[in-house]
Amino acid sequence: MDFNGAAVLVTGANRGLGRAFAQEFVKRGAKVYGGARNPASVVDEGVVPVQLDVTDDASVAAAAKELGDVSIVINNAGVLVAGEDVDSIKAEFEVNFFGLVRTTDAFAPILKANGGGALVNVLSILSWVGRPAWRGYAASKAAGWSLTRSTREALREQGTNVIGVHAGFIDTDMAAAQTGPKVSPEEVVSQVLQAIQNGDEEVLADDRTRAVKASLAS
Ligand SMILES: NC(=O)c1ccc[n+]([C@@H]2O[C@H](COP(=O)([O-])OP(=O)(O)OC[C@H]3O[C@@H](n4cnc5c(N)ncnc54)[C@H](OP(=O)(O)O)[C@@H]3O)[C@@H](O)[C@H]2O)c1
């Protein structure tokens, strides 16, 4: 797939991994829509700010109405909420799972109209690994992994490549308190763009994630 001239939506494009996606797509000649809760926080040259809160049906619908030329959607927006009580876990599911459902349903017809394209869901190594301190986040990413597989089947006929991206710690605000090895956002982005071009269905962004995925059968 040629990125030059392609219209790309990145959710959560104002910082972290989403910002790195937006910057790289601009470099590759794409028309980049940077979705953010606060569009004024999208400041990179070449990125068109778009108001987009993935927890808000009206916001997602308004963005879809405006962005009819999109052929690549990067579902990047995510939250890790401090606390593992029911309300904290619900807040994580609202963004990490239901946010994916909202943007998928709103943009799948647009991807179809534009030839299929690609839909990328940013998930996690915690789609597979249990961690009591992050049980809600992990469950939301496991649910996102399941949704990714269902979406892949649903959109196969319309020619949309649905890609799941799994990573351990990425060097962003979300992992700022973590001391373990971190992959850079740029390295994750580079692998995802290669996967889009190859037509791959999954990105395992670091050694630990690759080892965990390989061990699932045992
Ligand atoms: N960092 C890691 O270690 C790591 C590892 C594996 C996977 N991931 C995943 O990678 C993705 C990007 O995370 P990150 O590391 O870049 O984290 P981050 O630095 O905390 O950035 C999160 C992004 O999501 C946006 N966001 C949050 N809630 C939103 C909503 N309701 N609607 C739209 N945007 C929203 C944030 O916007 P605001 O500025 O408005 O809050 C921000 O742009 C997430 O899906 C995350 O789960 C991260």
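A short reminder: the numbers here are calculations on the coordinates, not readings from a lab. Here the structure is a predicted model, which means the values were calculated and not measured. Virtual Cβ from ideal backbone geometry, glycine too; neighbours counted across all protein chains shown.
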**OP:** Return the calculated 222 nm mean residue ellipticity for the chain, to the nearest 500 deg cm²/dmol, obtained by summing -39500 (n - 2.57) across DSSP H runs with n ≥ 4 and dividing by the residue count.
**Re:** -13500 deg cm²/dmol
**OP:** Subtracting the Cα-Cα distance from 0.36 nm times the residue separation, let me have the gained length for GLU157 to LYS90 in nm, one decimal.
**Re:** 20.9 nm
Subject >> Span per principal axis, largest first, for the Cα atoms of the range 7-215 (Å) >> reply: 42, 33, 31
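Dipole of the chain, Cα-centred, from +1 at each Lys and Arg C-beta and -1 at each Asp and Glu C-beta, to the nearest 20 debye? Show your work: numbers first, answer last.
Numbers: 20 positive and 26 negative charges, 57 e Å.
The calculation lands at about 280 debye.
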Subject >> ³J(HN,Hα) computed for each position of the range 67-82 - Karplus, 6.51 cos²θ - 1.76 cosθ + 1.60, integer Hz, glycine/proline x >> reply: 10, x, 9, 5, 10, 9, 10, 10, 7, 9, 3, x, 9, 10, 9, 5
Original post:
Taking the Cα centre of each part, how many Å lie between the range 147-194 and the range 71-103?
Top reply: 14 Å
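May I ask for the net charge around SER127, where only other residues with Cβ less than 10 Å from the Cβ of SER127 are counted and Lys, Arg are +1 while Asp, Glu are -1? It would help to have the intermediate numbers written out before the result.
Details: positive: LYS141, LYS213; negative: none.
Residues close to SER127 contribute a combined charge of +2.
What number do you get for the range 115-218 when its Cα radius of gyration is normalised by 2.2 N^0.38 Å, N = residues?
Numbers: Rg = 14.0 Å, N = 104, 2.2 N^0.38 = 12.8 Å.
Compared with the compact-globule rule of thumb, the range 115-218 sits at 1.09.
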**OP:** Identify, among VAL129, ALA91, PHE21, the residue whose Cα sits farthest towards the positive end of the charge dipole of the range 7-215, taking +1 on the Cβ of Lys and Arg and -1 on the Cβ of Asp and Glu, with the dipole about the Cα centre.
**Re:** VAL129
**OP:** Can you pull a Stokes-Einstein diffusion coefficient for the range 66-170 at 10 °C (1.306 mPa s), Rh from Kirkwood over Cα pairs, as a whole number of µm²/s?
**Re:** 113 µm²/s
Subject >> Separation in nanometres of the label points that stand 7 Å from Cα toward Cβ, at ALA58 and GLU45 >> reply: 3.7 nm
